[in-house]
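Take a look at the structure set out below.
The values are calculated or read from the model by the stated rules, or taken from the named source; none is laboratory data. None of the values given here were measured: they were computed from a predicted structure. Methodologically, a virtual Cβ is constructed for each residue, glycine included, from the backbone with ideal geometry; neighbour enumeration extends over all protein chains shown. In case anyone asks, the SASA skips ligands and DNA or RNA and just uses the protein heavy atoms, side chains included. Shrake-Rupley method; radii C 1.70, N 1.55, O 1.52, S 1.80 Å.
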Amino acid sequence: MALDTSPSAGSAQRAADASRAADASGTGEAGWRGTVARAARMTDYWLITYRRSWRGTVTTAFVAPVLFLIAMGVLLGDFVTGDPARLDGAPDYLAFVAPGLLAGQVMQVAMTQSTFPVFSMTKWSKAYWAMWATSLQIGDLVLAHVVSILARALLTAVVFTAVLVPFGVIVSWWGALLALPVMVLLAAAFCLPTYAYAAGLTSEKSFTVILRLVMVPIFLFSGAFFPVANLPDAVEWVAYVTPLWHGVDLARGLFLGQATLGLALVNLAVLGAYAGLGAWLAPKRLTKRMVA
């Protein structure tokens, strides 16, 4: 990265250093409150970024899942008959697959937005470097970017849930509303670890492998389209440790009004563990990428 040695650049850097020193001495906005406050100042940046790019995400985030729902749930579902006990209590295949498609779409938004866009901020557009030259700190950049991704995931979940209403697959309205924060936690469980991985990379070559050979198999074999009990035992247990199975299982239980407290707590604990691990790693990886 070429260094700008102009007087204005030097003044800006000195101001940034002074701000960081003030934070360190306790005279500035230190601690998590300072991180939240500084991250909130970047809200307009992420809103402008989304306003410029939302048209390009409509097809992948909204149109494609609706077409998938019609093809897999309605058309293919007419050929699928089964005992509700074998469909996790769902009255028909459409009611079984709809929450799975919702969770799968949230996962795809979280992972795709945490790969190339994060890498671009450090290498192609270098926007992180420009932000870091101000009083913003690494944690501020991570928090603001992750919140913007979670907001996209929540918007996707809200629209998808609204689309499901005419299909009559929502048995419990309270459950459908409770499923929205679960989808945000599911997005965090995928977004934060993926962000941590992408933030430390110097090449984007591995993203294609992750999106095709990790994300797609998880989507196909994590209970979205059929009960994982149909899988061989070893593969079934692999499915249980993926965050998507826990998101699908809890969303399905909430949509059908059949969620149980004990299993729901397990689902939330697993999703929280993935998100927490990613939240711990993400600033460390980005710091190493930008400081080292």
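Scan segment 204-221 and report the pairs whose first residue is over 12 Å from residue 108 (Cβ atoms) and whose second residue is aliphatic (A, V, I, L, M) and open to solvent by less than 30 Å² (accessible area, probe 1.4 Å), with Cβ atoms within less than 7 Å and a gap of 6+ or a chain change.
Short answer, once both residue conditions are applied: 221/231; 221/239.
I need the full set of residues from segment 64-80 which are assigned to a helix (DSSP H, G or I) and open to solvent by less than 70 Å² (accessible area, probe 1.4 Å), in order please.
Passing the criteria: 64, 65, 66, 69, 70, 71, 72, 73, 74, 77.
Among the residues of segment 175-197, is any assigned to a loop (DSSP other than H, G, I, E, B) and open to solvent by 10 Å² or more (accessible area, probe 1.4 Å)?
Checked against the condition, which is being assigned to a loop (DSSP other than H, G, I, E, B) and open to solvent by 10 Å² or more (accessible area, probe 1.4 Å), segment 175-197 yields no hits at all.
Out of (1) under 23 Å from residue 150 (Cα atoms); (2) open to solvent by less than 30 Å² (accessible area, probe 1.4 Å), the odd one out for residue 169 is which?
With (1) under 23 Å from residue 150 (Cα atoms); (2) open to solvent by less than 30 Å² (accessible area, probe 1.4 Å) applied to residue 169, the lone miss is (1).
Picking from 144, 39, 127, 133, which residue would you name as being among the small types (Gly, Ala, Ser) and either without any contact (Cβ under 8 Å) to a residue 60 or more places away in the chain or closer than 20 Å to residue 180 by Cβ (or both)?
Unique residue meeting the criteria: 127.
Can you tell me which condition residue 170 does not meet? The list is (1) part of a helix (DSSP H, G or I); (2) over 23 Å from residue 291 (Cα atoms), and all the others hold.
Evaluating residue 170 over (1) part of a helix (DSSP H, G or I); (2) over 23 Å from residue 291 (Cα atoms) leaves (1) as the failure.
Would you mind finding the one in 52, 86 that is in a helix (DSSP H, G or I), open to solvent by 40 Å² or more (accessible area, probe 1.4 Å) and either touching a Gly at 6+ places or on another chain (Cβ under 9 Å) or over 27 Å from residue 210 (Cα atoms) (or both)?
Answer to the selection: 86.
Please enumerate the residues belonging to segment 154-167 that are of a type outside the set (A, V, I, L, M) and free of Cβ contacts under 8 Å to residues at least 24 places away in the same chain.
Matches in segment 154-167: 166 only.
State all residues of segment 120-166 that are closer than 25 Å to residue 32 by Cα, buried (at least 16 other Cβ atoms within 10 Å of the Cβ) and of a type in the set (Phe, Trp, Tyr); if no residue qualifies, say none.
128, 132
Hey, which of the helices (runs of 4 or more DSSP H) in segment 223-292, taking only ones fully inside, have at least 3 residues that are within 23 Å of residue 154 (Cα to Cα) and open to solvent by 20 Å² or more (accessible area, probe 1.4 Å)?
243-255, 261-291
Kindly indicate whether residue 92 is acidic (Asp, Glu), farther than 18 Å from residue 279 by Cβ and buried (at least 16 other Cβ atoms within 10 Å of the Cβ).
For residue 92, the condition - acidic (Asp, Glu), farther than 18 Å from residue 279 by Cβ and buried (at least 16 other Cβ atoms within 10 Å of the Cβ) - is met.
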